[in-house]
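K.L.:
A single structure is presented below for examination.
Quick note: the coordinates plus some simple rules give every number you see, no bench work behind them. Computed from a prediction, not measured in an experiment: that's the story for all the values here. Note that we place each Cβ from the backbone using ideal geometry, even for glycine, and neighbour counts take in every protein chain shown.
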Amino acid sequence: RSAVRFEDVRFGYGDGREILQGLTLDIPAGATVAVVGPSGAGKSTLARLLYRFWDVTGGRITIDGQDIAKVTQTSLRAAIGIVPQDTVLFNDTIGYNIAYGREGAGPDDIANAARGAAIMPFIDRLPDGFDTRVGERGLKLSGGEKQRVAIARTLVKDPPILILDEATSALDSRTEAEILATLEAIEQGRTTIVIAHRLSTIVHADRIVVLDGGRVAEQGTHAELLAMG
Ligand code: ADP
Ligand code: ADP
């Protein structure tokens, strides 16, 4: 369990525009915080900064009180799992695609991750199981199946911190509901940031943060935000 803090974070992509303008965000260990807001508000940017695809230009981000700028890339990325909206799978086996999430992952790790992602019933029905090739030259997976492989890929490293970046946004509502149930289960005991634009996808969040214009516009529980109107 890790707590994540954004402290007065400023960031721009270098084109003179400031995307985050003093963002402060506190995610207690084990909590699930949803980040919502209009397209372009900086939600994905926030995730990329936590993963250090880019470095903040002001303020700092800490995990358990430690500035992530001082943590090695390897240990940072081992601690954080991202499930993106559009997962790109390799034209390789399902097992390879899951093992990709962690160097040295073995068959037991892959099977455990697949169980966590609730994709075992699907894999068990395939004649070649984990050895089934997927992608352009293999089996074509549905959007939901692809996301479950992505979830397994993330789970294989058992990250204490989880970022779900519009992880179910591309799915139809029924598939979304099924995947959300799986995600809710794996969020237990992890510090989770759920980035979404539909309120229906974040009903289980402990707290909702509304991002607008590079700042936290408001935050609170569902009930508090509804009361604000
Ligand atoms: P959200 O996830 O809330 O839709 P993003 O974090 O993706 O927002 O984007 C915030 C702003 O940053 C947008 O105006 C977007 O155009 C801009 N942006 C995102 N990625 C880049 C990039 N690589 N280079 C320059 N601008 C970017
Ligand atoms: P590691 O150093 O742990 O190998 P990687 O950068 O290879 O970290 O990524 C680990 C996992 O996170 C992979 O499953 C990769 O697909 C996923 N990932 C990395 N960056 C992103 C991103 N921007 N959006 C979504 N998923 C990502």
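K.L.:
Going highest first, how would you order 143-152, 60-69, 208-217 by mean Cβ packing within 10 Å?
P.N.:
Top to bottom by mean Cβ count within 10 Å: 143-152, 208-217, 60-69.
K.L.:
Related question: What's the ranking of 78-89, 158-169 by average number of surrounding C-beta atoms within 10 Å, highest first?
P.N.:
Output ranking for 78-89, 158-169: 158-169, 78-89.
K.L.:
Loop-only check: which chymotrypsin sites (Phe, Trp or Tyr not before Pro) in region 1-44 are DSSP coil with at most 16 other Cβ within 10 angstrom?
P.N.:
13
K.L.:
Here's something else I'd like to know. Any chance you could give the angle, 0 to 90 degrees and rounded to 10, that helix 173-187 forms with the longest Cα principal axis of the chain?
P.N.:
Approximately 80 degrees, to the nearest 10.
K.L.:
Using Cα centres only, tell me the gap between region 42-75 and region 120-189 in whole Å.
P.N.:
26 Å
K.L.:
Provide the three semi-axes, in whole Å and in decreasing order, of the ellipsoid equivalent to region 134-178 as defined by the square roots of 5 times the Cα gyration tensor eigenvalues.
P.N.:
Each semi-axis is √(5λ); the values are 20, 16, 8 Å.
K.L.:
What angle do you read, to the nearest 10 degrees and between 0 and 90, between the alpha-carbon axis of helix 107-116 and the longest principal axis of the chain?
P.N.:
60 degrees
K.L.:
Against the 2.2 N^0.38 Å scaling, with N counting residues, where does the chain land? I'd like the Cα-based Rg ratio to two decimal places.
P.N.:
Dividing the Cα radius of gyration by 2.2 N^0.38 Å gives 1.03.
K.L.:
For the pair residue 90/residue 200, report the inter-label distance in nm, with labels modelled 7 Å from Cα in the Cβ direction.
P.N.:
3.6 nm
K.L.:
Taking R0 as 22 Å, what FRET efficiency do you get between residue 173 and residue 112 from their Cβ-Cβ distance, rounded to the nearest 0.05?
P.N.:
0.15
K.L.:
Okay, moving on. Restricting to Cα pairs below 8 Å that are 6+ residues apart, what does the relative contact order work out to for the chain? Please round to a whole percent.
P.N.:
Dividing the mean separation by the residue count of the chain yields 30 percent.
K.L.:
Less than 12 Å Cβ to Cβ from residue 102, Lys/Arg counted +1 and Asp/Glu -1: what total charge do the surrounding residues give?
P.N.:
Values: positive: 77, 153, 157; negative: 103, 109, 158.
Computed value for this residue: 0.
K.L.:
With Kirkwood's inverse mean 1/r over C-alpha pairs for Rh, give me the Rg to Rh ratio of region 147-213, two decimals please.
P.N.:
0.94
K.L.:
With +1 on each Lys and Arg Cβ and -1 on each Asp and Glu Cβ, and nothing else charged, work out how big the dipole of region 135-229 is about its Cα centre, in Debye to the nearest 20.
P.N.:
So the dipole magnitude of region 135-229 works out to roughly 360 debye.
K.L.:
Based on the Cβ-Cβ distance of residue 140 and residue 188, what FRET efficiency does E = 1/(1 + (r/R0)^6) give at R0 = 45 Å, to the nearest 0.05?
P.N.:
After rounding to 0.05, the efficiency reads 0.90.
K.L.:
Hey, what do the phi angles of region 119-132 turn into as Karplus ³J(HN,Hα) couplings, whole Hz, using 6.51/-1.76/1.60 and θ = phi - 60°, x for Gly and Pro?
P.N.:
Here the 3J(HN,Hα) series is 10, 4, x, 5, 5, 4, 7, 7, x, 9, x, 5, 7, 5 Hz.
K.L.:
Pulled fully out, how much extra length does the chain show between residue 52 and residue 222, if you take 0.36 nm times their separation in residues and subtract their Cα-Cα distance? Working shown, then result.
P.N.:
Values: separation 170, 0.36 × 170 = 61.20 nm, distance 2.98 nm.
Length difference between fully extended and current span is 58.2 nm.
K.L.:
If the viscosity is 0.890 mPa s and the temperature 25 °C, what Stokes-Einstein diffusion coefficient in µm²/s follows for region 73-189 when Rh is the Kirkwood radius over Cα pairs? All intermediate terms of the calculation are to be shown ahead of the outcome.
P.N.:
Details: Rh = 14.1 Å.
In µm²/s, the coefficient rounds to 174.
K.L.:
Take every DSSP beta bridge with both residues inside the chain and express the antiparallel ones as a percent of the total, to the nearest 5.
P.N.:
Numbers: 19 of 37 bridges.
Antiparallel: roughly 50 percent of the beta bridges in the chain.
K.L.:
Under the Kirkwood approximation applied to all pairs of distinct alpha-carbon atoms, what is the hydrodynamic radius of region 1-136 in Å?
P.N.:
Taking every pair of different Cα atoms in region 1-136, averaging 1/r and inverting gives 17.4 Å.
K.L.:
Quick check: pseudo-label points 7 Å beyond the Cα along Cα→Cβ at residue 21 and residue 77, how many nm apart are they?
P.N.:
Taking the two extended label points, one gets 3.4 nm.
K.L.:
How big is the Kirkwood radius of region 68-133, worked out from every pair of different alpha carbons and given in Å to one decimal?
P.N.:
One decimal place: 13.4 Å for the Kirkwood radius.
K.L.:
Let me ask something else about it. Which order, highest average first, do 25-35, 132-142 follow once you tally other Cβ atoms within 10 Å for each residue and take the mean per peptide?
P.N.:
Values: 25-35: 19.7, 132-142: 14.1.
Ranking, from highest mean packing down: 25-35, 132-142.
K.L.:
Would you work out which of 29, 44, 101 lies farthest towards the positive end of the dipole of region 22-121? Charges go on Cβ: Lys and Arg +1, Asp and Glu -1.
P.N.:
It is 44, whose Cα lies furthest towards the positive end.
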